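Working notes, structure below.
The values are calculated or read from the model by the stated rules, or taken from the named source; none is laboratory data. Since the model is a prediction, treat every value here as computed from it, not as a measurement. Because the Cβ atoms are built from the backbone with ideal geometry, glycine has one as well, and the counts that use them run over all protein chains shown. For the accessible areas, the whole protein counts, side chains as well, though only heavy atoms, and no ligand, DNA or RNA atoms are used. Shrake-Rupley method; radii C 1.70, N 1.55, O 1.52, S 1.80 Å.
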Amino acid sequence: QAATELIDLLHNYYGGENKAKAMLVESWQAHWNLEKGAILSNNDNEADDESVNNLGERALGKGKKGVKKADNVLNNPDNMTPEELSQNHHHKKERTTKLVTTMARAILNPEQTKFTIGTIGSSVAAGHDNCHYDSYESQLERTLTPIFAAAKMDLQVQNAGEGGGCGDSHKNQVFCITQNLSPDVDIIHYSWTYFEKGGAEEQREQLVRWAQRMPRRPMVHHLVARGKANTCEADSFQNVELDRTYAVYGYNAFCIQTGLYFGGHDYDTEIANEINRFGWQHHGDGYHNTTRYGEELPDDDPRKESLGVVFRNWHPGPLGFQIAGDAFAYVYVSGLLLALDIIEEDMDNGASVFERWFDTAAGSRISVAEEKDEHTEQRQLLQLPPLESMPEPRFCHPLYCSTPHPPSCLNYELPTFGPAGINVDLVTDDWSLWHEPNKWNYMVGKVDTKIFKEKGDPEWYEKCTHLDACGGITTSGKGTGVIVYDLPVEQMTAGLVVICVCCGKKIAESMVLNNDNLVFKLNDRVLDKTGMDLFPAEKCVRLLKGFEEEGYEKEEKMLLSVEVLGGETEVKISHVIVL
């Protein structure tokens, strides 16, 4: 009931079912099919002519019969052969099946009491220039909490977004997915808008593939702050390849501006008339003048107007974040309802609800013992695809993204929601941990800072406080010291070893490569810096590329020593990464 009530609320809020679906479902980069019974259909050629999912009728607005056609590579049926159209429907079914499977496995597993969504990303993901309370993650958590509470489950949306001051980017942070987020996360969000300037398909592919090596094999969903009027970047060959190749793992993307365009508001005419709702500090998105929780405030509360900002600057404002949170909520709750329909049907038929979703013969974590289900052979099983069937990588190097384990990481920055994957074996007193002492109004923005300073409410100071802070372990200038890391040998199959330092995007060359007073040793053997390079980002140095390097092989015990011999250069280690 809680789930259907939320769907009804969103239908009403966005002006009816068709318009809500256009904005929250059909504007995604690739198609979902959220119609009842869709994933159990044996016909991949069905065109869904009667639903909003109809290819080519993806946006309300201009065009024949009030509909704007999508002119993009991924979803334009006019340019597809019959075989391509069939494949498109097949991928849509695969993508939706993974969504439904994720929800079903979560609510059926008696050992799982919490559903976790986690975001890694930039300052957009962190919610900068807003209160943390107004980030899309916080809005999404408040929206979904009652639905999972009805299923007697907790719901957490982890926000590991961070500003650019530490020098990090998608290039190095994807390597720390199992520490930045809980390793048992159910869904991963990735959002690095403004950092991705070509080649980012490599990091997104790495993340999708490594996610399938995590305990719950989470879907990866990409949030983009901007987006085009007719497509959420589905006119890119790289995005098409990712969407098609990894549909079976639920990969997809949502663009904030595209979602707003798909509601039919004529932003282009407004922009021609010098009204840019996507410009800095504009109030109202053409459909609403503030967020739903802003509507509950009295008209004379300045916070109500602040909550109606679509984009603070390049960062979305609360109203811009709201459609992102609503799009994720709508799709996830729709997937949950589809899962419940199938579970209820199996129960009515006296069939095992576990056999369909879990590979019980292989020994799942489900502790309920049941006899073999006599209906199994007549039913479509919706179990996770075998890992050995994962396709060859399209963009990332097989040495690094075809490993049986995700990377192991020790990230000293904040926040992290998972345990460190690398232990410290020894550290001298010369090293000390540090984090930037950010105050409650750090990256909150002038408008809300002023509002809450005048309120003087400590509770709101806490709600506004962002979680991210640069950090590391450091020796002071002219200091000496040794720190030894015990590398997780059992998890290392590629042989990659990386050190990242802080703070700045290009700090590694001076602090590491050109610093003669910084020495690295592996099991007491000095590593030659001439073979090192900047990787995967310019704040990081690849100490060892892989076990295929001459004289470098896997050993029973592998201790990485970092020794500072003095000198003027301060050394700040922010990450240690191995794979």
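Brief remarks follow.
- Residues (open to solvent by 10 Å² or more (accessible area, probe 1.4 Å) and within 14 Å of Asp468 (Cβ to Cβ)) located in the range 126-137: Asp129, His132
- Looking only at the range 141-182, and only at residues there that are in a helix (DSSP H, G or I) and among the basic types (Lys, Arg), the one that is surrounded by the most Cβ atoms within 10 Å (Cβ to Cβ): Lys171
- Test: residue in the range 170-193 that is closer than 21 Å to His222 by Cα and at pLDDT below 95: yes
- Inter-residue pairs, beta-carbon under 7 Å, first within 18 Å of His222 (Cβ to Cβ) and among the aliphatic types (A, V, I, L, M) and in the range 128-140, second open to solvent by less than 10 Å² (accessible area, probe 1.4 Å) and in a helix (DSSP H, G or I), 6+ apart: Leu140/Gly325; Leu140/Phe328; Leu140/Ala329
- Within the range 500-537, the set of residues being more than 18 Å from Gly567 (Cβ to Cβ), in a loop (DSSP other than H, G, I, E, B) and of a type in the set (Asp, Glu) comprises Asp524, Asp528.
- Selection status of Glu345, modelled with pLDDT of 95 or more and open to solvent by 50 Å² or more (accessible area, probe 1.4 Å): no
- Tally, over the range 183-223, of residues that are farther than 26 Å from Ile422 by Cα and either among the small types (Gly, Ala, Ser) or surrounded by fewer than 24 Cβ atoms within 10 Å (Cβ to Cβ) (or both): 9
- Just so you know, in the range 451-499 the residues that are among the β-branched types (Val, Ile, Thr) and part of a helix (DSSP H, G or I) include one that is nearest to the chain's Cα centre (by Cα), and it is Val489.
- From the list Asn517, Asn523, the one residue that fits, being among the polar types (S, T, N, Q) and modelled with pLDDT of 95 or more, is Asn523.
- Taking the range 250-350 and the helices (runs of 4 or more DSSP H) fully enclosed by it, the elements with 2 or more residues that are under 26 Å from the mean Cα position of the chain (by Cα) and either small (Gly, Ala, Ser) or farther than 30 Å from Ala38 by Cβ (or both) are at 318-348.
- Matching residues, the range 111-140, being of a type in the set (Ser, Thr, Tyr), in a strand (DSSP E or B) and over 29 Å from Lys450 (Cα atoms): Thr116
- Among the criteria (1) within 26 Å of Gly15 (Cα to Cα); (2) polar (S, T, N, Q); (3) surrounded by fewer than 23 Cβ atoms within 10 Å (Cβ to Cβ), the one Gln257 does not fulfil is (3).
- Unique residue being in a strand (DSSP E or B), of a type outside the set (Ser, Thr, Tyr) and either open to solvent by 70 Å² or more (accessible area, probe 1.4 Å) or in contact (Cβ under 8 Å) with a residue 12 or more places away in the chain (or both) when the list is Asp425, Asp430, Asp448: Asp425
- Look at (1) open to solvent by less than 50 Å² (accessible area, probe 1.4 Å); (2) in contact with a helix residue (DSSP H, G or I) (Cβ under 8 Å, 6 or more places away or on another chain); (3) closer than 15 Å to Gly127 by Cβ and you find that Lys463 fails only one, number (1).
- Within the range 59-107, tally of residues that are at pLDDT 50 or above and either outside any helix (DSSP H, G or I) or of a type in the set (Gly, Ala, Ser) (or both): 9
- Subset tally (residues that are open to solvent by less than 50 Å² (accessible area, probe 1.4 Å), of a type in the set (S, T, N, Q) and out of contact with any Pro (no Cβ under 8 Å at 6 or more places or on another chain)) for the range 386-422: 3
- Residue that is nearest to Ile473 (Cα to Cα) [pool: residues in the range 527-579 that are of a type in the set (S, T, N, Q) and surrounded by 19 or more Cβ atoms within 10 Å (Cβ to Cβ)]: Ser574
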